[in-house]
Amino acid sequence: MPTRLRSIRALLIAATLLGGAPAGAHELAAGSHLDVSRPDVAAFIDQLVAQGFDRGQLSATLAQAEPQQRVLDAITKPAEVTLQWWEYRARFLTAERIDAGARLWLEHRELLDQIALRWQVPPQYLLAIVGAESYFGRTTGHYRVLDALATLAFDYPPRSEYFRSELAQFMLLSREEHLDPLETYGSYAGAMGALQFMPSSYRHFAVSAAGGSHADLWTSWPDIFSSVANYLHSDGWRYGEPVLLEVSAARPGDAGVSGGVTLNETLGALRARGLTPEGSLPDDTRCVLLAAPLQDGISYRAGLQNFYVITRYNRSPLYAMAVNDLAAALLARVQNPEPL
C-alpha cells in the first residue's frame, strides 16, 4: 500500500500554530479563475500529463477552478485549535446527534454487525466517526473540491506541496470513480463524502462492499461503513480493547501531562506518579496522558492503542476523545429500550 499522507487537520493545526496566514499572502479576487499559464500550475499539469492525462482536457478543467478567499480564511481557524475540550465535546454530543446515530444503527444493525465482524471494529466506533465527520452524511460540504484544492495547492504556501499532491489524487480519483470534478463538493480542505476522506484516503481505503470497482462514500451505507472499518483496521485497531481510561489525580496540578498523541508512557508510570487509571490493565500498557479541561475544572484521561488509531484519522486529541464519547453515547442509546 502506498505511503499514507498525514492527516489534514494536523497540517491545518500546525500551520495555524506557526502563524496562521502565510507571509506575503494576498486577497484572492472573487470570481477569478486559476491561471494555468502560471509556472507552478504548468508544472503540475506536466506532472499529470506524464500520468496519462490529456493536456488540453486537463488544462480546460483546471482553468475552471475558482480560487476562494473563504478557503484561506477557514484553514487558519480549525476548531481543534480554538476550542477547549468541554466546548469541542459539546458540539458533537448533542441529543439530536446521538438519536440520529442510534436510529441509523437500528436501521442497519445487521449490516453493521457483519462489517464489525469482518473488520474487527465495533459498530459504535464506525458510527461515531461518521457522526463526527458529517453528522451521519447530512453535512458533506458545500465547497467545490476542485476550487478548494486548487486554492490551497497554489495560494497557500505553508502546505502547497501537500495540497498539490491531493489535487493530483483528486484528478486521478475523478478518472477512476467517474466523478465530475466540476460537480464534486466537499469541505474547505477538499475532504469528501460521509467520511470526509481526502482524495488520497479515498483512493487507498474506500471499499466497495459489493466487491465492485467503485465505492460510493456519499450515499451507500455498505461502502461507507466498510471503508471506515477498513481505515481503522488498517491502522491497528485492537478489538475488545478500550480507547480511553479515566484517570484520577490526588494532586491535579502535578499530573505531568505530556500531551500529543504518541503513546509515550505506560500505565505503570502513571501509577508511579500517584495517578490512578480506571480498570486493571497491566503496568506495561502503552498510553498517553491527556488533559481534558472541563467548564468547572480539569480532568485527565489515558489514551491507549485504539485512541492512537483514531488519531490516524484525525490527529487532534480532542477529536479522538469526542469520537470515543460519542461512540459510548450511541451504544447507551441503542441499548436504551425507550423509543427513539
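Yes/no per residue for (1) under 14 Å from the mean Cα position of the chain (by Cα); (2) surrounded by 18 or more Cβ atoms within 10 Å (Cβ to Cβ); (3) closer than 28 Å to residue 320 by Cβ; (4) β-branched (Val, Ile, Thr):
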site	(1), (2), (3), (4)
126	yes, yes, yes, no
149	no, yes, yes, no
152	no, yes, yes, no
158	no, yes, yes, no
178	no, no, no, no
183	no, no, no, no
197	yes, yes, yes, no
202	yes, yes, yes, no
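Report the residue count in segment 262-279 for those that are surrounded by 19 or more Cβ atoms within 10 Å (Cβ to Cβ) and part of a helix (DSSP H, G or I). So the answer is 2.
Give the residue that is surrounded by the most Cβ atoms within 10 Å (Cβ to Cβ), with candidates limited to residues of segment 220-229 that are among the hydroxyl-bearing types (Ser, Thr, Tyr) and either touching a residue at least 40 places away in the same chain (Cβ under 8 Å) or not in a loop (DSSP other than H, G, I, E, B) (or both). Steps first, please.
Filtering segment 220-229 down to residues among the hydroxyl-bearing types (Ser, Thr, Tyr) leaves 220, 226-227.
Narrowing the set further to residues that are either touching a residue at least 40 places away in the same chain (Cβ under 8 Å) or not in a loop (DSSP other than H, G, I, E, B) (or both) leaves 226-227.
On the way: 226: 25, 227: 27.
The selected residue is 227.
Here residue 316 meets the list (1) crowded, with 21+ Cβ neighbours inside 10 Å; (2) farther than 21 Å from residue 197 by Cβ almost entirely, failing just condition (2).
Can you give me the ranges of the helices (runs of 4 or more DSSP H) entirely in segment 107-210 with at least 3 residues that are aromatic (Phe, Trp, Tyr)?
Details: elements: 109-119, 123-134, 145-155, 160-177, 199-205.
Of the helices (runs of 4 or more DSSP H) lying wholly inside segment 107-210, those with at least 3 residues that are aromatic (Phe, Trp, Tyr) span 160-177.
Counting only residues that are in contact with a strand residue (DSSP E or B) (Cβ under 6 Å, 6 or more places away or on another chain) and within 21 Å of residue 201 (Cα to Cα), segment 314-338 holds 1 of them. Among the conditions (1) assigned to a loop (DSSP other than H, G, I, E, B); (2) buried (at least 19 other Cβ atoms within 10 Å of the Cβ), residue 64 misses just one, which is (2).
Since every read-out is calculated from the coordinates, none of them should be taken as a lab result. Please read these numbers as outputs of a predicted model, since none were measured by experiment. Here the Cβ is made from the backbone with ideal geometry for all residues, glycine too, and neighbour counts use every protein chain on show.
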